[in-house]
1. Give, as residue ranges, the strands (runs of 3 or more DSSP E) completely inside segment 97-204 that count at least 3 residues that are not aliphatic (A, V, I, L, M).
2. Among the residues of segment 43-96, count how many are among the basic types (Lys, Arg) and assigned to a loop (DSSP other than H, G, I, E, B).
3. Out of curiosity, is Ala297 away from the ligand (no atom under 16 Å from the Cβ) and modelled with pLDDT under 95?
4. Find the residue count for segment 130-163, including only residues that are free of Cβ contacts under 8 Å to residues at least 24 places away in the same chain, more than 15 Å from the ligand (Cβ to nearest atom) and within 22 Å of Lys354 (Cβ to Cβ).
5. Can you tell me which residue is farthest from the ligand (Cβ to nearest atom) among those in segment 320-349 that are assigned to a loop (DSSP other than H, G, I, E, B) and over 22 Å from Arg128 (Cβ atoms)?
6. Sort through Pro154, Pro149, Pro189, Pro197 and tell me the only one that's closer than 16 Å to Gly231 by Cα and surrounded by fewer than 18 Cβ atoms within 10 Å (Cβ to Cβ).
7. Condition first: in contact (Cβ under 8 Å) with a residue 60 or more places away in the chain, away from the ligand (no atom under 14 Å from the Cβ) and over 24 Å from Gln238 (Cβ atoms). Now tell me which residues in segment 164-209 satisfy that.
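The values are calculated or read from the model by the stated rules, or taken from the named source; none is laboratory data. In this text, all values refer to a predicted model and were calculated from it rather than measured experimentally. Note: ideal-geometry Cβ built from the backbone for every residue, glycine included; neighbour counts use all protein chains shown.
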Amino acid sequence: MKHTAEPRPAVARRSEKLRGAARVPGDKSISHRSFMFGGLASGETRITGLLEGEDVMRTGEAMKAMGARIEKKGDMWIISGVGNGALLQPEAPLDFGNAGTGSRLTMGLVGPYDMETTFIGDASLSGRPMGRVLEPLRQMGVQVLKAAPGDRMPITLRGPRHAAPISYRVPMASAQVKSAVLLAGLNTPGVTTVIEPVMTRDHTEKMLQGFGANLTVETDEQGVRHIFIEGQGKLTGQTIAVPGDPSSAGFPLVAALIVPGSDIIIENVLMNPTRTGLLITLQEMGGDIEILNPRNAGGEDVADLRVRSSELKGVAVPASRAPSMIDEYPVLAVAAAFAEGETLMQGLEELRVKESDRLAAVARGLEANGIDCTEGEATLAVRGRPGGKGLGGGTVKTHLDHRIAMSFLILGLAAEKPVTIDDAAMIATSFPEFMGLMKGLGAEIE
Ligand code: S3P
């Protein structure tokens, strides 16, 4: 789908109590990786619970363009992979739309191949820095034949005849950069090492091990992770049940906390500890969130969440928690707008390079709706107003960013006046069911 069409504004209004049970779509990070690793592995991969958002579908198209067969039968996606090392040169540029994860991981995946691959994306993705992935790839011998200024898309890569394994210390907390280097290591002779000083989501490591890659992790006394992957091994197709996305769960979760009288259940949410920062923070703020039926499904912890409306209080969120809730700050800022006192979020430098400059986009959106906040270089302080009196009434610029769009619609459910967003189209990249799911719980959104 193209997003050059007319923008589609949406409005959220103060709602009566939210009630019922909902199941959020599959985790975006795991869904991307399921298509990628399934497309690469020998044999068949079967996936249920896949997120059918636009971003993930772009990754599927890219894998098809490089030789994988992907089809859907009933609720199941079935992939016939090419075999590790056997991707084909795509005939046309790979268009990743809005998707940072899909494009950056695929750059790593194809980097060492002796072929030419071109990456393009929408205006948001074309503005995002790709040098963080190109830098280690260059060290492995990958040529960047073309790139827009500042190592931005469109980008054309050409792999070397023989890629060189490297040892790479990831300079920022980024699972995408870590993953790109590990995926490049898959088709490189010898052992590629990634050193990760601050742990980020570990789906690449866990899933590659599941597909049979020779990947090991050692954590040293300083807590620094050393990840080793042996190249040119065999990957074998797997059966994957994708758990619900905790980042998407954040929207109904915060909505239920701030809309008085709410009591909802969100089913089958991924509880991997590298993803639970929002949950911990909201519980510290006094949020009534009960973790029900904790269980293990396909190697990941999952649970159902019962959420009841709560009187929240402001907290200081430590910078060390940022990697485990990096995509959740916009919706946390919305929760903070209804909390007693100040919520201080720290260590937010990576928010500047997401689908939008999320730190600025959140601050402008809060201000437009009467919320007192201070934007620092890498911090955000929000001073809340319990009950939401006087809040709302603004129009929020979403800057092609799905999480800005959804977060501010959640704000409108508890603010005194309606909240408008300039464009709801990008919600389809990660949570196509958002409007229907929220309305099903009783939210007034149109
Ligand atoms: C992701 C990593 C994070 C996150 C993104 C998904 C992943 O990005 O924000 O939504 O699946 O690896 P960074 O690596 O830029 O932190």
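1. Working: elements: 116-120, 143-148, 152-158, 167-169, 191-196.
In segment 97-204, 116-120, 152-158, 167-169, 191-196 are the strands (runs of 3 or more DSSP E) which contain 3 or more residues that are not aliphatic (A, V, I, L, M).
2. Matching residues across segment 43-96 total 0.
3. It is true that Ala297 is away from the ligand (no atom under 16 Å from the Cβ) and modelled with pLDDT under 95.
4. Counting residues in segment 130-163 that are free of Cβ contacts under 8 Å to residues at least 24 places away in the same chain, more than 15 Å from the ligand (Cβ to nearest atom) and within 22 Å of Lys354 (Cβ to Cβ) gives 4.
5. Checked segment 320-349; the qualifying residue farthest from the ligand (Cβ to nearest atom) is Gly341.
6. Pro189 is the lone residue from the list that is closer than 16 Å to Gly231 by Cα and surrounded by fewer than 18 Cβ atoms within 10 Å (Cβ to Cβ).
7. Pro165
Matching residues to (1) within 16 Å of the ligand (Cβ to nearest atom); (2) of a type in the set (A, V, I, L, M, F, W, C); (3) on the phi > 0 side of the Ramachandran plot:
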| position | (1), (2), (3) |
| --- | --- |
| Leu351 | yes, yes, no |
| Lys354 | yes, no, no |
| Asp357 | yes, no, no |
| Val362 | yes, yes, no |
| Leu366 | no, yes, no |
| Asp372 | no, no, no |
| Pro386 | no, no, no |
| Leu391 | no, yes, no |
